[in-house]
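Comments concern the structure below.
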Amino acid sequence: MDFEIRENRQPQGRKKLSREREAYSRLMRQGVSNREACRIVGIDRRTGRKWRNGRHAQGNRKALPPISMVAVPSGPSRYLSEDDRIHIADRLREKATVRAIAAELGRSPSTVSREIRRNRHQASGAYRPHAAQVRADARRPRPKPRKILKNPELREAVQAMLDEKWSPEQICHALRVQFPDRPEMHVVHETVYQALYVQGRGQLRRELAAALRSGRARRRPQRQANCRQPRFTTPMVMISERPAEIEDRAVPGHWEGDLIIGKDGKSAIGTLVERATRYVMLLHLPGDHGAEAVLAALTATARTLPGHLKRSLTWDQGSEMARHGEFTLATDIPVYFCDPASPWQRGSNENTNGLLRQYFPKGTDLSVHDPEHLAAVADQLNRRPRKTLGWETPAERLHKLIAA
């Protein structure tokens, strides 16, 4: 125990026994009798009975809950335990930072920060671990009563605005304007949706769902990533299936590709970057940048390459690659596709696109650039020294690898 047992058991006047009370509570939860727990902790048996049974408020004396309600056994390990909270309190008294505490507990700093913010004493701001444990355990049970269900005034206000065909997002902002100093009247739009769509809640009239612009009385679930429809008719080969030799950039002939888009999405230039040397080639797309135009430009460019520089192509899942199967048949170059929203999987190409914006600024018409100008820009980039190549140029590195 983290306190010394008093040798003098005589009455010593009013004295806070918070640590003794916590030790007594732990012993009682372990099944120790009141007599034995009082002997171990060093308190009078009558005091132990008061702690065990609790007391009602009387006069200036505050009510105390019975000992069985002081602490509830902690939940699964995904939650902070009582020992974790005691550690947080001890380290806060030592002026430790949140990040240091989180590292010691093996938790995210945001977890510790949120724990301190939510469970500290509202008046003093002090963090008390056992009180924090009680608050956390009381907050954990599910299901919780919904905010709209508990507040008739809030429910009527939301119903009135839905009758006016306001969207849930408009409602939540209007409530904050109308009741700026009453947080109990503030909700987020998801709360309104939950009140309308979750079965059995009885918070808002079911017919109010018709006031939503969708007109649906039931929520339509969003499609999960693993349930997406196939992107193209010809199945894609994902980057995870790409051979390991492509990753180390030791062998030339593996390319990354993309489009840079012009003003209003009406024009584009195709970009190809060789992974080992960062050698750049640009595709002229004077008309449109649909699947047919990209197929023609890619095929024509690939046919200008020697055989040992035609090993693979990595692209994102843009619709311009819908005819990738035909490209592979025409050039014998396999195409690998990146995962959705993962541009870092074609990092060399993304970096090169940024360099190209110096020549082709965003918001400009890219169809005005003829093939000769594109070739001149690519040649200038290929003669520019690169730090990642040890200050060699892409052209020099490509020549060296081919000669080897």
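Roughly what angle does helix 347-356 make with the longest principal axis of the chain, taking Cα atoms, 0 to 90 degrees, to the nearest 10?
60 degrees
With +1 on each Lys and Arg Cβ and -1 on each Asp and Glu Cβ, how big is the dipole of segment 18-69 about its Cα centre, in debye rounded to the nearest 20?
140 debye
For the chain, what is the percent of antiparallel DSSP beta bridges, rounded to the nearest 5?
70 percent
Using +1 at the C-beta of Lys and Arg and -1 at the C-beta of Asp and Glu, which of Pro340, His289, Val188 has the Cα lying farthest in the positive direction of the dipole of the chain?
So the residue we want is Val188.
Enumerate the lysines that Lys387 could reach by cross-link, defined here as Cα to Cα under 25 Å, with residues fewer than 8 away along the same chain left out.
Counting by Cα, and skipping residues close in sequence, Lys387 has these lysines nearby: Lys400.
By average Cβ neighbour count within 10 Å, what is the ranking of 44-52, 318-326 from highest down?
318-326, 44-52
In deg cm²/dmol, rounded to 500, what helix-only [θ] at 222 nm does the chain give when every DSSP H run of at least 4 residues adds -39500 (n - 2.57) and the total is split over its residues?
-11500 deg cm²/dmol
Every read-out reported here was derived from the displayed coordinates using simple, explicitly stated rules and does not represent laboratory data. Computed from a prediction, not measured in an experiment: that's the story for all the values here. Please note: Cβ atoms are built from the backbone with ideal geometry, for glycine as well, and neighbour counts cover all protein chains shown.
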